[in-house]
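A.B. asks: Shown below is the structure under consideration.
Derivation of every value follows stated rules applied to the coordinates shown; laboratory data play no part. If you're wondering where the values come from, they're calculated on a predicted model, not measured in any experiment. Positions of Cβ are generated from backbone atoms using ideal geometry, with glycine treated the same way; all protein chains shown enter the neighbour counts.
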Amino acid sequence: MQARVADFERVDAQVLGISVDSVPCHEAWAASLGGVTFPLLSDLHRRVCARYGLLWKSYNIARRAVVLVDRSGIIRYIEIFEKGLPDPDRLLSVLRATSISAPKKRRAT
């Protein structure tokens, strides 16, 4: 995703990484990639992933997912990835489509 951050910024989107890992784990992961320019947020208490419906309770881990939230806090899109990584081109297409005339959905909290 790091290689495509500028593409997301061009469509007025901000990339964030959120996981249930600790800050030291995030730092090590970012370093293994040669660094990242987008914020990495730690959800150690699993509150964020639970609120977004992404907590895999039986394993106490978060599912890998992409969540698109608009400036008003409305969730416009969620996709869970059991395997692999999201395709940035597809996400940019979804982002462009949902930012124009999306119906209101639940608020992100």
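A.B. asks: With both bridge residues required to lie in the chain, what share of the DSSP beta bridges run antiparallel, to the nearest 5%?
C.D. replies: Restricted to the chain, the bridges split so that about 75 percent are antiparallel.
A.B. asks: Another one. With θ set to phi - 60° and the Karplus curve 6.51 cos²θ - 1.76 cosθ + 1.60, what are the ³J(HN,Hα) couplings of region 87-98 in order, to the nearest whole Hz, using x for Gly and Pro?
C.D. replies: 8, x, 4, 5, 5, 4, 5, 5, 4, 4, 5, 7
A.B. asks: Follow-up. In the neighborhood of residue 88, defined by Cβ-to-Cβ distances under 14 Å, what is the net charge if each Lys or Arg adds +1 and each Asp or Glu adds -1? Don't jump to the answer; show the numbers that get you there.
C.D. replies: On the way: positive: 4, 10, 90, 96; negative: 7, 9, 79, 87, 89.
That works out to -1.
A.B. asks: Next question. What number, in percent, do you get for the relative contact order of the chain if the mean sequence gap of Cα pairs under 8 Å and at least 6 apart is divided by its residue count?
C.D. replies: Values: 118 pairs, mean separation 23.3, N = 109.
With pairs under 8 Å counted, the relative contact order is 21 percent.
A.B. asks: With log10 I(q)/I(0) by the Debye sum over Cα atoms at q = 0.24 Å⁻¹ as the read-out, I listed (i) -1.57; (ii) -1.28; (iii) -1.41; which label goes with the value calculated from this structure?
C.D. replies: Working out log10 I(q)/I(0) by the Debye sum over Cα atoms at q = 0.24 Å⁻¹ from the coordinates points to (i).
A.B. asks: Scan around residue 69 for amide H atoms under 5 Å from its own, H built in the peptide plane at 1.01 Å from N, and keep only partners 5 or more places away or cross-chain.
C.D. replies: 76
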